[in-house]
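Participant: Structure in structure tokens, see below.
The values are calculated or read from the model by the stated rules, or taken from the named source; none is laboratory data. All figures in this text were calculated on a predicted structure; none of them were measured in a lab. No Cβ is skipped: glycine too gets one built from the backbone with ideal geometry, and neighbour counts run over all protein chains shown. With ligands, DNA and RNA removed, areas are computed over all heavy atoms of the protein, side chains included. Shrake-Rupley method; radii C 1.70, N 1.55, O 1.52, S 1.80 Å.
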Amino acid sequence: MSRQTETPFLEEWLSIRCGINAAAAAATITKPTARAIVQAWTALRDSLQSQQQQHLQTLVNSQSSLHVAEPQAKLLLTLLQSSPTSSFPPLFTLLYTWLRKSPNPNSNIIDSAVEILSHFHPDDTFFPEGVLLLGAFSFVPSVSEKTKTRCLDMMLKVLLAAEKGKLLGELPRVLAGIGYALSCSVTVCCVEMLDLLFRIWGKGDGCVAHGLMVLYLFDWVVSNLIGFGYSDKNRVLVQEGFGSFKEKSHASLFVVFMAGVGVLRALERRGVRSSELVSGMRIKDCVVGRIEGIVGDLVSRRLRFGYDDKESNGAEEDRILLQCVSIGLARTVAFSGHSSLFVCLGLALLTEIFPLPRLYRSVFESSCDSGGVELREIREHLDGVLFKEAGGVTGVLCSQYVLADEESKNVVENLMWEYCRDVYFGHRRVAVMLKGKKDELLEGLEKLAESAFLMVVVFALAVTKHKLNSNFAQEIQMDVLLKILVSFSCVEYFRHVRLPEYMETIRKVVAGIKNEDACTSFVNSMPSYADLTSSPGVIYVVQCELLFYFFIVLYFLDCVCLLDQKTNYLWSKDEVQTARILFYLRVIPTSIECLPSLVFRNMVAPTMFLYMEHPNGKVARASHSVFMAFMTMGKDSEKNDEVSLKEQLVFHYMQRSLLGYPGITPFEGMASGVVGMVQHLPAGSPAIFYCVHSLVEKANQLCSEVFTNEADAWKKWQGEPEPSKKLLDLLLRLVFLIDIQSLSYLCTKATNQNAANRKSESEDNPTLSSIADPYNSGRATARL
């Protein structure tokens with residue numbers, strides 16, 4: 001027999017394996033004392049009919065610790081003959097306890113019990129305790145085939161007579177009884193029993209816990225059949241049962257799928273003897289083929305409407321099947337490289353394990369007073385088996401990714417990147433809607449999203465390892481790099497820990513963005529200025545020349561708050577959007593050398609100036625870093641239009657920076673921008689003069705405030721220099737830098753003039769160049 005060390009009762013074992021806390025329910029029942037148990041047996045032996053039901057119930061309540069000896073089993077048999085049918089349930093339970101706890105139950109007692117039961121018409125009094133007992137009788141190896149057949153016949157009649165609601169209500173005991181029956185040596189009623197099991201569930205019935213029960217049930221059954229050597233029964237069970245279900249429309253697909261996975265698990269673990277190798281392979285091929293057929297049809301249905309099935313609203317039976325596919329495939333290694341299974345795992349992760357887009361839509365619906373998601377639903381999902389299995393399912397997805405064909409890889413990749421965008425737009429809108437109103441609900445959604453972030457990172461790493469190599473064309477690699485970067489920007493808000501997988505992936509993709517087209521595409525994926533300053537869900541269409549748009553944006557930057565009057569939306573409070581923009585602000589400097597000036601002017605500059613005024617110092621410093629990176633880019637031979645753009649930006653940069661200093665503008669960020677500016681602008685540039693002039697004016701203003709209006713202002717800056725002193729220190733540093741740069745300008749001018757003169761003279765006198773003093777330029781520099 002298979003491992004079943006936790007409990008001798010199959011129904012309890014199934015409940016434990018599926019996460020159903022049957023023990024907690026049993027704990028609410030008061031356990032009888034040893035004395036009460038002894039008194040109950042004594043009263044039953046004395047045939048005290050008046051209180052028989054009470055004594056039987058006392059014994060049933062102590063089932064987990066109760067040991068029923070053979071004499072007591074005979075007493076129960078006697079009571080079975082003389083008691084009313086109302087006493088059958090506890091008598092069945094006690095006989096079942098004797099049977100499962102006895103190492104070698106007496107087959108004569110079993111034969112007698114079956115003979116007694118055969119005189120009764122199987123009705124509700126036999127359900128569900130009688131199902132368990134009859135199944136357990138048939139499972140005993142020493143019982144004759146005739147008795148086993150009678151047990152199976154009666155059991156099948158009881159099950160067929162039971163209503164579907166009752167079957168589902170007593171599912172662990174029903175499945176355990178069927179499991180015992182399927183594990184016996186006789187093949188009678190095997191196919192009928194399977195057929196009944198597959199149609200217990202109707203449309204919309206069932207859940208992952210039910211699917212897991214079926215999986216572990218068939219694992220247990222097939223392990224027993226292999227262990228006992230019942231090869232004929234195994235063949236009938238698999239080939240006849242799984243081979244014929246497709247023609248029966250009432251079969252529940254998730255049940256068939258999980259049953260197949262259970263069979264495969266048993267075959268993998270127990271193996272087959274060499275003499276049964278061919279038969280074992282046929283059984284496996286039969287089950288694998290059936291499972292792949294079910295999954296292939298499911299994938300075809302779901303991909304018609306996109307990964308989230310927005311149009312059809314998702315058939316409930318398909319949702320349960322998707323959930324079971326993810327859980328089932330994480331528990332077996334029988335599949336390798338089947339594309340439909342790989343795509344199905346991706347769909348399950350995005351729509352069932354991390355169903356964020358669907359939950360967001362439900363939140364929006366609730367805001368319209370039409371129901372919607374509840375906090376209880378979120379908590380149940382976070383505590384459920386699906387969410388707890390997310391790591392294992394993600395691992396299987398990544399291992400299957402390597403084996404899948406390229407078409408299926410592309411399908412799942414695109415689904416994953418689309419999911420990231422949906423999560424960004426959905427969570428941004430939900431966060432604005434729920435912040436300060438339904439914080440617990442928002443926290444639950446964010447906990448789910450944080451785990452989804454981990455899934456995205458692990459999958460992206462698998463993609464980079466596979467596609468970022470010479471086996472793929474440069475265009476394909478660039479497309480993958482950009483999609484990963486954009487996707488990471490969308491889920492950046494949920495990155496709260498330092499992940500080695502994230503760092504490895506981001507290093508690889510950022511290192512690959514080293515050409516103009518890729519860099520431009522990445523920057524163009526950044527939200528526009530209009531989107532950044534608009535409430536989520538509001539779309540503005542702006543059609544204008546880029547240059548005109550740029551200056552219009554700069555004009556609007558004079559409005560510090562940028563408050564959407566219609567929705568009271570403030571861009572700086574939008575944490576989800578801020579996290580995404582921060583990602584862009586950190587990545588852009590790494591490849592800014594490849595970014596055309598026109599793209600920087602039209603796409604980057606407006607956002608950079610906007611986020612310089614962000615109250616979060618980390619975000620503001622990142623904006624200053626972008627400015628510094630742009631100012632320091634280029635060489636001595638940089639184009640005039642680029643220099644002109646740098647000079648134009650300096651004026652706006654100094655206005656925005658000093659307007660928010662001290663307070664919003666971080667000094668370190670502004671200082672780095674100013675130093676980079678004066679070091680890399682052409683000597684004598686008016687922008688440098690404007691920069692120094694603005695700093696002097698600001699420092700003078702701050703000093704005046706300290707010495708006149710606010711004599712105690714210095715107390716606010718204890719532990720660090722005053723803002724005015726910081727500016728003065730920066731000006732002293734700039735004096736040295738700018739002095740050297742003016743020198744550089746004059747030397748360059750003198751050198752160019754000397755070279756022109758020498759060239760003119762050498763043309764008039766060819767021998768003059770040969771005797772020219774090579775140290776003329778050096779002397780000119782020394783004189784200056």
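Participant: Just the residues that are of a type in the set (Phe, Trp, Tyr), open to solvent by 10 Å² or more (accessible area, probe 1.4 Å) and not in a loop (DSSP other than H, G, I, E, B), please, taken from region 463-493.
Facilitator: Matches in region 463-493: Tyr493 only.
Participant: Which condition breaks for Pro141 when tested against (1) free of Cβ contacts under 8 Å to residues at least 60 places away in the same chain; (2) open to solvent by 10 Å² or more (accessible area, probe 1.4 Å); (3) under 16 Å from Arg100 (Cα atoms); (4) not hydrophobic (A, V, I, L, M, F, W, C)?
Facilitator: (1)
Participant: Is it fair to say Pro32 is more than 24 Å from Lys166 (Cα to Cα), modelled with pLDDT of 90 or more and part of a loop (DSSP other than H, G, I, E, B)?
Facilitator: In short, no.
Participant: Among the residues of region 126-175, which ones are small (Gly, Ala, Ser) and not in a helix (DSSP H, G or I)?
Facilitator: Within region 126-175, Ser142, Ser144, Ala162 meet the criteria.
Participant: Taking region 151-173 as the region of interest, how many residues are open to solvent by 10 Å² or more (accessible area, probe 1.4 Å) and in contact with a Ser or Thr (Cβ under 6 Å, 6 or more places away or on another chain)?
Facilitator: Counting residues in region 151-173 that are open to solvent by 10 Å² or more (accessible area, probe 1.4 Å) and in contact with a Ser or Thr (Cβ under 6 Å, 6 or more places away or on another chain) gives 1.
Participant: Asp111: surrounded by fewer than 19 Cβ atoms within 10 Å (Cβ to Cβ) and modelled with pLDDT under 90, yes or no?
Facilitator: In short, no.
Participant: Here is a further query. Would you say Ser451 is of a type in the set (Ser, Thr, Tyr) and farther than 23 Å from Gly392 by Cβ?
Facilitator: no
Participant: Kindly evaluate Leu349 against the criterion of being within 14 Å of Gly296 (Cα to Cα) and not small (Gly, Ala, Ser).
Facilitator: no
Participant: On to the next question. Based on this model, can you work out whether Glu440 counts as open to solvent by 20 Å² or more (accessible area, probe 1.4 Å) and more than 26 Å from Leu585 (Cα to Cα)?
Facilitator: yes
Participant: Taking region 689-728, which residues are hydrophobic (A, V, I, L, M, F, W, C) and either at pLDDT 60 or above or closer than 30 Å to Gln648 by Cβ (or both)?
Facilitator: Result: Phe689, Cys691, Val692, Leu695, Val696, Ala699, Leu702, Cys703, Val706, Phe707, Leu727, Leu728.
Participant: Can you find a residue that is among the aromatic types (Phe, Trp, Tyr), part of a helix (DSSP H, G or I) and farther than 19 Å from Glu501 by Cβ anywhere in region 373-392?
Facilitator: Taking every residue of region 373-392 in turn, at least one turns out to be among the aromatic types (Phe, Trp, Tyr), part of a helix (DSSP H, G or I) and farther than 19 Å from Glu501 by Cβ.
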